[in-house]
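I have placed the structure first, in the form of structure tokens, so that the comments after it can refer back to it.
The values are calculated or read from the model by the stated rules, or taken from the named source; none is laboratory data. Worth saying up front: this structure is predicted, and the values here are computed from it rather than measured. Reconstructed Cβ throughout: ideal geometry from the backbone, glycine too, with neighbour counts over all protein chains shown. Keep in mind that these areas ignore ligands, DNA and RNA; they rest on the heavy atoms of the full protein, side chains included. Shrake-Rupley method; radii C 1.70, N 1.55, O 1.52, S 1.80 Å.
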Number of protein chains: 2
Amino acid sequence: MATNHAPLHKVFGALSDPTRLAVVEQLVQGPASVSHLSQPFGMARPTFLKHLQVLENAGIVTSEKAGRVRTVTLSPNALDWVDTWVRQHRKRWERRLNDLGTILEKEINR
Amino acid sequence: MATNHAPLHKVFGALSDPTRLAVVEQLVQGPASVSHLSQPFGMARPTFLKHLQVLENAGIVTSEKAGRVRTVTLSPNALDWVDTWVRQHRKRWERRLNDLGTILEKEINR
DNA sequence: GCATTAGGTAGTCAAATGGCTACCAATCAT
DNA sequence: ATGATTGGTAGCCATTTGACTACCTAATGC
């Protein structure tokens with residue numbers, strides 16, 4: 001664990017584009033070649049390649065080339081970070097809301 | 001539940017900037033005025049306001065103005081979406097990795 | 001009632017983003 | 001050996017983004 005993370009905002013940035021989000025969707029079903037991944041998007045290769053670079057750059061994806069085929073894989077702990085952050089903040093915020101609720105109740109029943 | 005969500009990529013987009021991320025960090029500790037929020041960032045007002053708009057636009061934050069003060073609040077279920085998405089994908093991917101692991105073991109012990 | 005404070009508009013600008021075409025390079029199949 | 005396939009570069013372009021200054025408006029405090 002504790003792999004070198006891209007800063008969180010960069011990870012979010014990588015996920016902030018529909019194409020890239022869809023690529024991740026696809027990749028949870030297993031690794032795939034660049035051309036296979038790019039198929040569903042009617043998009044010039046270079047454009048698609050840039051999207052992949054963004055994902056890789058954010059640590060969400062890794063890739064390896066064998067022969068002329070590059071295979072792209074979801075990084076094992078790619079989403080852990082995001083998960084951790086989100087859950088922490090959700091939790092803190094919900095707790096706060098609860099506390100407020102309690103306070104209000106007391107106030108009302110006073 | 002099932003509030004009108006901004007599309008997920010938009011939510012991610014809103015979280016893809018350090019300033020905005022920091023604002024969310026701050027807001028889990030409770031609602032705050034615009035000026036109070038903006039304090040830590042040495043940033044012109046209009047710039048900061050735009051960041052807030054992005055957050056609001058993505059449904060992460062709401063705000064109300066009373067008198068001359070606008071109070072910004074984290075939306076109750078702001079992060080639920082993100083959480084759901086992330087966990088789902090993490091889970092699917094991890095399961096897949098496990099399955100692969102099992103397959104490899106079998107292969108090795110064959 | 002006048003100055004201060006909190007928020008907000010309008011308009012400008014540089015850099016980043018997301019897209020394209022044109023072309024190149026390596027590998028695989030025949 | 002050569003043609004098709006896969007990936008990749010270089011360079012261009014429009015739009016969006018994140019920042020700024022200058023200015024305006026409406027509440028508040030005294």
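Which shape class, rounded, prolate or oblate, goes with the range B:1-76 when its Cα gyration tensor gives a ≥ b ≥ c as root eigenvalues, a/c under 1.5 marks rounded, and past that a/b bigger than b/c marks prolate?
Details: a/c = 1.80, a/b = 1.29, b/c = 1.39.
The shape class here is oblate.
Count neighbours as other Cβ atoms within 10 Å of each site's Cβ, and list the trypsin sites (Lys or Arg not before Pro) in the range B:1-81 that are DSSP loop with at most 15 such neighbours.
Sites meeting the loop and neighbour criteria: B:Arg68.
Under 11 Å from the Cβ of B:Asp80, count the other residues' Cβ atoms, weight Lys and Arg +1, Asp and Glu -1, and hand me the total. Could you put the intermediate results ahead of the total?
Details: positive: A:Arg87, A:Arg90, B:Arg87; negative: A:Glu94, B:Asp83.
Residues near B:Asp80 contribute +1 overall.
Going down the list A:Lys10/B:Lys65; A:Lys91/B:Lys65; A:Lys10/B:Lys10, which pairs span over 25 Å between their C-alpha atoms? Working shown, then result.
Working: A:Lys10/B:Lys65 32 Å; A:Lys91/B:Lys65 27 Å; A:Lys10/B:Lys10 14 Å.
As for pairs spanning more than 25 Å Cα to Cα, those are A:Lys10/B:Lys65; A:Lys91/B:Lys65.
List the accessible area buried at the contact between B and A, summed over both sides and calculated with a 1.4 Å probe, in Å² to the nearest 100. Can you show the working numbers first?
Details: alone 8220 and 8230 Å², together 13450 Å².
Chains B and A together bury approximately 3000 Å².
Only Lys, Arg, Asp and Glu count, each charged at its Cβ (+1, +1, -1, -1), so figure out the dipole size of chain A about its Cα centre, rounded to 20 debye. All intermediate terms of the calculation are to be shown ahead of the outcome.
Details: 15 positive and 10 negative charges, 32 e Å.
Result for chain A is approximately 160 debye, rounded to the nearest 20.
Just tell me how shielded B:7-13 is by partners: mean number of partner chain Cβ atoms within 10 Å of each residue's Cβ, no decimals. Each step should come with its number before you reach the end.
Details: counts 2, 4, 8, 2, 3, 10, 5.
Averaged over the peptide's residues, the number is 5.
Is there a simple number for the mean count of other chain Cβ atoms within 10 Å of the Cβ of residues in A:77-87, and what is it? List each step's numbers first, then the result.
Values: counts 3, 4, 9, 3, 1, 9, 8, 1, 8, 11, 5.
Shielding by partners across A:77-87 averages 6.
Ignoring ligands, DNA and RNA, what percent of the 1.4 Å accessible area of the protein assembly as shown is carbon and sulfur?
52 percent
With runs of 4+ DSSP H residues as the only contributors, calculate the mean residue ellipticity of chain B at 222 nm using -39,500 (n - 2.57) per run, divided by the residue total and rounded to the nearest 500.
Details: 5 runs with 64 residues, N = 110.
It comes out at -18500 deg cm²/dmol, rounded to the nearest 500.
Using a 7 Å offset from Cα along the direction of the beta-carbon, what are the separations from B:Ser35 to the same position in each other copy, nm, ascending?
6.3
Which of A:Asp17, A:Asp83, A:Asp99 ends up with the largest GNM mean-square fluctuation for chain A, with Cα atoms connected below 10 Å?
A:Asp99
Hey, for B:Glu56 with labels 7 Å out along Cα-Cβ, what do the inter-copy distances come to in nm, ordered shortest first?
So the distances to the same position in the other copies read 4.1 nm.
Comparing the chain by itself with all protein chains present, which residues of the range B:19-38 are at least 30 Å² less accessible (probe 1.4 Å)?
Residues shielded by partner chains are B:Leu21, B:Glu25, B:Val28, B:Gln29.
Suppose R0 equals 41 Å; then what is the FRET efficiency for A:Arg96 and A:Ser63 from their Cβ-Cβ distance, rounded to the nearest 0.05?
On the way: r = 41 Å, r/R0 = 1.01.
The formula returns an efficiency of 0.50 here.
For the protein assembly as shown, report the accessible area per residue in Å² (1.4 Å probe, heavy atoms, rounded to an integer).
Values: 13450 Å² over 220 residues.
Roughly 61 Å² per residue, with all protein chains present.
May I ask you to report, in nm to one decimal and beginning with the shortest, the distances from B:Pro76 to the same position in the other copies, taking label points 7 Å along Cα-to-Cβ?
Nearest to farthest, the other copies are at 4.1 nm.
Just B:Leu97, B:Leu15, B:Leu49 to compare: in a GNM of chain B, with alpha carbon springs under 10 Å, which one fluctuates most?
B:Leu97
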